[in-house]
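A quick write-up on the structure given underneath.
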Amino acid sequence: MVRTEGIVISAEAPEAVEMEETEEEKESPDQIGEFYLQMKGMNYFGLLGVEQSAQDPEVEQAYRDRMNGFERANFSARMDPELEMKLEEINTEIIKAYESLRNQERREQYLAKLRPPEKSGAPSRGLEAEKYLQEGIKSVRARDWGNAQKMFEKAVELRPDEPEYFGYLGWSIYSNPEFKLESRREMAKGKIRQAIKMNPNMDSVHVFLGKILKDEGKKDQAIQEFREALRCNANCREAKRELEAQGLKG
């Protein structure tokens with residue numbers, strides 16, 4: 001199973017009997033390295049392989065095709081650890097691309113971020129905030145929660161109107177062992193609820209809040225948040241996994 005920042009990226013590995021398939025029946029791991037290099041020069045439209053004029057159904061289908069193409073089960077059970085990490089990052093970026101492009105409003109917001117700043121020589125606050133977001137996500141992957149929190153705080157300072165930044169900040173606070181559990185839990189819930197207030201249709205923040213509530217033993221409230229995540233995005237794998245763990249249909 002491949003995970004990133006608490007979010008499940010690919011499906012369960014095949015059963016042992018399926019793993020006995022010959023290597024010829026699996027995808028070549030070379031495509032992971034090749035796509036990983038290409039991905040570094042792509043924006044989210046290029047990553048999903050859609051035009052900037054693409055509509056919701058096209059984005060949805062492109063997302064499904066990309067995710068299916070890079071499912072962990074498509075590749076050998078015995079794979080180089082470096083390729084495992086690259087595959088994890090590819091899946092993470094595909095999900096982020098979908099989250100940014102899955103409806104017209106989000107596509108317009110993302111296109112605005114791609115536009116060059118009006119004043120030459122000075123990066124826009126949006127691009128600067130996005131840089132801190134990416135640095136924060138790198139720190140999350142490295143489990144450096146303290147630095148992740150600092151990066152997300154800078155992103156929020158630059159773009160206090162961006163709910164995604166508040167969501168990531170809340171999750172990094174909750175995961176940061178530098179704080180006592182009770183204090184970081186309350187701070188985290190405050191930031192995540194702020195993100196939900198700003199945009200109640202973002203599945204990731206409902207998953208973050210659901211996980212915290214589950215850890216608090218508030219099962220019913222947690223289930224409600226996971227269901228909200230699925231309302232926002234019917235393809236939210238982590239929400240499905242959490243509900244299935246409770247014996248509920250995802």
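The values are calculated or read from the model by the stated rules, or taken from the named source; none is laboratory data. Since the structure is predicted, the reported quantities are computational estimates derived from the model, not experimental observations. Here the Cβ is made from the backbone with ideal geometry for all residues, glycine too, and neighbour counts use every protein chain on show.
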Inset, instruction - Could you pull out the residue among S124, S120 that is more than 28 Å from E88 (Cα to Cα), at pLDDT below 90, out of contact with any Ser or Thr (no Cβ under 8 Å at 6 or more places or on another chain) and surrounded by 14 or more Cβ atoms within 10 Å (Cβ to Cβ)? - result: S124
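Pick out the one residue from M79, M85 that is out of contact with any strand residue (DSSP E or B) (no Cβ under 9 Å at 6 or more places or on another chain) and not in a helix (DSSP H, G or I). Spell out the reasoning first.
Numbers: M85 fails: not in a helix (DSSP H, G or I).
That would be M79, the only listed residue that is out of contact with any strand residue (DSSP E or B) (no Cβ under 9 Å at 6 or more places or on another chain) and not in a helix (DSSP H, G or I).
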Legend entry - Residue that is nearest to E99 (Cα to Cα), among those in the range 215-250 that are acidic (D, E) and out of contact with any Lys or Arg (no Cβ under 9 Å at 6 or more places or on another chain): E228
Inset, instruction - Please find, among M151, M79, the residue that is surrounded by 13 or more Cβ atoms within 10 Å (Cβ to Cβ) and modelled with pLDDT under 90. - result: M79
Inset, instruction - Determine whether Y110 is in contact (Cβ under 8 Å) with a residue 40 or more places away in the chain, hydroxyl-bearing (S, T, Y) and part of a helix (DSSP H, G or I). - result: yes
Legend entry - Residue match in the range 127-136 (condition: part of a loop (DSSP other than H, G, I, E, B), out of contact with any Gly (no Cβ under 8 Å at 6 or more places or on another chain) and either surrounded by fewer than 20 Cβ atoms within 10 Å (Cβ to Cβ) or free of Cβ contacts under 8 Å to residues at least 24 places away in the same chain (or both)): no
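In the range 137-160, which residues are within 14 Å of E89 (Cα to Cα) and assigned to a helix (DSSP H, G or I)? Don't jump to the end; show me each part of the working.
Of the range 137-160, the ones within 14 Å of E89 (Cα to Cα) are 137-142.
Selection gives I137, K138, S139, V140, R141.
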Inset, instruction - Give, as residue ranges, the helices (runs of 4 or more DSSP H) completely inside the range 169-250 that count at least 2 residues that are of a type in the set (V, I, T) and surrounded by 16 or more Cβ atoms within 10 Å (Cβ to Cβ). - result: 181-198, 203-215
Legend entry - Neighbours by Cβ (under 6 Å, 6+ apart or cross-chain): first from the range 202-230, on the phi < 0 side of the Ramachandran plot; second part of a loop (DSSP other than H, G, I, E, B): D203/N233; D203/C236; A229/C236; L230/C236
Legend entry - Selection from the range 32-46 of residues that are surrounded by 15 or more Cβ atoms within 10 Å (Cβ to Cβ) and over 18 Å from the mean Cα position of the chain (by Cα): I32, G33, F35
